[in-house]
Amino acid sequence: MAFDTCVIKKICDNRNLVSLLKCHIDFKNSTIFLNQKVVEEAQRKFGYDTGYILDVLRSSLPANVSYEEITPTMEIEAEYLKRECKELHNGDSVILAFAAERNCILVSCDRALLRSCKQVGVECINPDIIAGTMRENVDQTVDRSTKINKYQTKRITKPETVKPISVQMKKQIKKIKWEMFTK
């Protein structure tokens, strides 16, 4: 299993997310891969160093946590994925290539990255859906792009049919007139 930078940030900011993940995902006998790109992004954006992230994950998850470097093969695969998946940017393409190379499940809150995972056949989990904080599933927004709004599609919901109220069910209402209060 590999975590994206957004999941690392959420776990470091609020350890309750780990409790939620442990309720829905069996981490026993599994390995969490923390790759070089995720650590670099966490350091640059949020100021978390490698040791802190590893300590938080190792102390809160009942799984092996392993730090892995990005290989040249993964970088080549990331360039290919960027061409195939229009929503991917440099960092996400490397993270996706890492998950594909290691044949592991990618845990991310980034919907564009999750749609790209589905497009290339990498298993993925969105913790926001597990937590119930997100209304839409990735499958429901496959054609929607956060970067290109002209291709945006909307979900169509089935309209509700309102049954007419029968005459017997209607309650007679007395009209209120101003004269009622002046007498």
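Observations, loosely collected:
- Projecting the Cα atoms of Ile25, Cys104, Ile129 onto the charge dipole of the range 2-151 (Cβ charges, centred on the Cα centre) puts Ile129 farthest toward the positive pole.
- Under-5 Å amide H pairs with Ser30, H placed in peptide plane, nonlocal only: Asn64
- Cross-link pairs exceeding 22 Å between alpha carbons, from the set Lys10/Lys86; Lys9/Lys82; Lys86/Lys118; Lys10/Lys45: Lys10/Lys86; Lys9/Lys82.
- The alpha carbon convex hull volume per residue for the range 2-151 rounds to 111 Å³.
- Take every pair of alpha-carbon atoms less than 8 Å apart whose residues are at least six positions apart; their mean separation over the length of the range 2-151 yields a relative contact order of 24 percent.
- Integer Hz, Karplus 6.51/-1.76/1.60 couplings in order for the range 94-110, x for Gly and Pro: 5, 5, 5, 4, 4, 4, 5, 5, 7, 6, 10, 7, 9, 9, 8, 9, 7
- In order along the range 2-8, the Karplus-derived 3J(HN,Hα) couplings, from 6.51 cos²θ - 1.76 cosθ + 1.60 at θ = phi - 60°, round to 10, 9, 7, 4, 5, 6, 4 Hz, and Gly and Pro are given as x.
- Near Ala2, the amide H atoms lying under 5 Å from its own belong to Phe33, Ile105, Leu106, Val107; only residues 5 or more places off or on other chains count, and H is placed 1.01 Å from N.
None of the figures in this text is laboratory data; all of them are computed from the coordinates on show. Note that the structure is predicted; figures quoted are calculated from it, not measured. Reconstructed Cβ throughout: ideal geometry from the backbone, glycine too, with neighbour counts over all protein chains shown.
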